[in-house]
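Trainee: Right, I'll just put the structure down here and ask away after.
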Amino acid sequence: MRTGTFFVRAWRIISVLGLVFILINSYISYPSQVAVMFNSAGLATQYLDRETLFYAAVAIFLINNVLINSIARLIPKLPTEKIPVAAAWASHRDSLNEVLVNWFYALMAAVNTILALSLFVLSMLNRSDFQVDGYTYGWLLPLSVFILASVIIALPIRLILMKPSSNNEFA
């Protein structure tokens, strides 16, 4: 197993386990009405039921994992001529499959990670034992954008800059 494949698989497994842990932990710590929107003074302006938030997060988790996993499993079954890649990859289908499947799994792990971080921040903002404001967690949006952009940009970079060699390894 190559390093990139190991990293993506480990990230995917850790993101799923982390999200399940955060989901259960945050559900337990949420009040019955969860503050989801705050004004500039840090006061809550919009609330959601704890169950609504929990089931919405579970729905996002299931849709993300089932849909992306289904697409990733279909990649090896696609005819090579249906995949818009450079001609250099056409004769190295196994390497191409690995790159594409790893990318989809990384996308799945990225969405899971962002969802887990969001639930964690929301849980911390709704805690009653200490006072925090929304600005304390201003890192969430830039980090989420960075994670998604890194994963989305990684596929074209890998396909353009990395050329497969004849022994099914990248040169």
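Trainee: Hey, what does the equivalent ellipsoid look like for region 1-102, semi-axes from the Cα gyration tensor as sqrt of 5 times each eigenvalue, largest first, whole Å?
Mentor: Working: eigenvalues 328, 46, 34 Å².
After diagonalising the Cα gyration tensor, the semi-axes are 41, 15, 13 Å.
Trainee: Taking θ as phi - 60°, what are the ³J(HN,Hα) couplings along region 10-24 by the Karplus curve (6.51, -1.76, 1.60), each to the nearest whole Hz, with x for Gly and Pro?
Mentor: Karplus-based 3J(HN,Hα) across region 10-24 equals 5, 4, 4, 5, 5, 5, 5, 5, x, 5, 4, 4, 5, 4, 5 Hz.
Trainee: Okay, moving on. Nearest 0.05, what FRET efficiency do GLN33 and ILE157 give at R0 = 45 Å with Cβ-Cβ as r?
Mentor: Working: r = 45 Å, r/R0 = 0.99.
For R0 = 45 Å, the calculated efficiency reads 0.50.
Trainee: Set the Förster distance to 25 Å, then compute FRET efficiency between LYS82 and LEU17 from the Cβ-Cβ distance, nearest 0.05. Walk me through the numbers before you get to the answer.
Mentor: Details: r = 35 Å, r/R0 = 1.38.
So, using R0 = 25 Å, E works out to roughly 0.10.
Trainee: Considering amide H positions built from the backbone, and no H for Pro or chain starts, which residues 5 or more places from PHE38, or on another chain, come under 5 Å of its amide H?
Mentor: Amide H neighbours of PHE38: THR45.
Trainee: List the extent of the Cα atoms of the chain along each of their three principal axes, largest first, rounded to whole Å.
Mentor: So the extents along the principal axes, rounded to whole Å, are 61, 26, 26.
Taken together, the values in this text are just the output of simple stated rules run on the coordinates, not laboratory data. In this text the structure is predicted, and so the values were computed from the model without any measurement. Don't worry about glycine lacking a Cβ; one is built from the backbone with ideal geometry, like all the others, and counts go over all protein chains shown.
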